[in-house]
Amino acid sequence: MLMPYKMDISLTRIPYSNWIIIFITTVSYFFQINGVYSHTTIEAMALNDWSPASLLGNMFLHGSLFHLLGNMLFLWLFGNAVCSSIGNGWFPLVYLFLGVLASVIHNLFSGVPAIGASGAINGIVGIALIWFPLNKLKVFYFYLIFYIPKAGSFLIKTYWMIIIWLLFDIIGILIAGGGIAHCPTHSDQPGRQ
């Protein structure tokens with residue numbers, strides 16, 4: 001397991017709007033799993049048509065706690081850097097634009113319902129790749145060798161971490177065939193982005 005947790009960057013602004021997006025997305029997930037959102041509301045928010053509720057709402061639904069935590073980790077790591085650079089006023093607009101753009105592209109190329117913030121977050125990661133390719137990331141690692149745990153951390157440049165992350169996503173799609181927006185885990189359950 002590899003988990004990046006800190007980017008070597010001096011934040012020029014406190015990224016409040018990124019923190020607010022993370023908070024709203026997390027609260028929305030707990031509303032989703034605790035029945036605060038009705039089944040009808042969740043269906044309207046899931047990406048399954050061209051309605052504004054669907055194009056925007058899917059970013060605030062997640063398929064599992066692990067799905068939410070993975071997305072929020074990358075939003076925290078890369079979103080803070082991008083938000084600090086473009087400002088708290090622009091960041092939510094850029095984030096929502098990227099999410100809607102990802103939703104539109106998904107609808108054009110796949111008819112499968114989807115949920116998750118991965119489209120918007122991948123856009124933010126792409127911006128970070130362009131703006132901060134040589135910045136170093138601190139990465140925690142953990143693995144087992146013959147049931148003996150090994151853990152530690154190392155530094156890696158942003159572009160290498162993003163390449164590794166992309167490779168893991170591609171391998172996951174090829175091996176598991178699901179979990180990403182284009183392939184649901186059950187026929188009646190939206191796919192995850």
Take the range 92-112 and flag every residue that is over 15 Å from the mean Cα position of the chain (by Cα) and either open to solvent by 50 Å² or more (accessible area, probe 1.4 Å) or among the aromatic types (F, W, Y) (or both). L93, I105, L108, F109, G111
For L73, work out the one condition from (1) within 20 Å of E43 (Cα to Cα); (2) at pLDDT below 95; (3) surrounded by fewer than 19 Cβ atoms within 10 Å (Cβ to Cβ) it doesn't fulfil. (1)
Run I14 past the list (1) of a type outside the set (G, A, S); (2) assigned to a helix (DSSP H, G or I); (3) modelled with pLDDT of 95 or more and report the number of the one that doesn't hold. (2)
Read through the list (1) touching a Gly at 6+ places or on another chain (Cβ under 8 Å); (2) closer than 27 Å to Y159 by Cα, then give the number of the only condition that N58 fails. (2)
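Here's the yes/no breakdown for (1) of a type in the set (A, V, I, L, M); (2) under 14 Å from the mean Cα position of the chain (by Cα):
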position: M1; (1), (2): yes, no
position: T26; (1), (2): no, yes
position: F30; (1), (2): no, no
position: S38; (1), (2): no, no
position: S54; (1), (2): no, no
position: F66; (1), (2): no, yes
position: L69; (1), (2): yes, yes
position: A81; (1), (2): yes, no
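The values are calculated or read from the model by the stated rules, or taken from the named source; none is laboratory data. Fair warning: this is a prediction, and the values are worked out from it, not measured in the lab. Cβ atoms come from the backbone with ideal geometry, glycine included; neighbour counts cover every protein chain shown. Ligands, DNA and RNA are stripped out before the accessible areas are found, and what is left, the full protein with its side chains, is counted by its heavy atoms. Shrake-Rupley method; radii C 1.70, N 1.55, O 1.52, S 1.80 Å.
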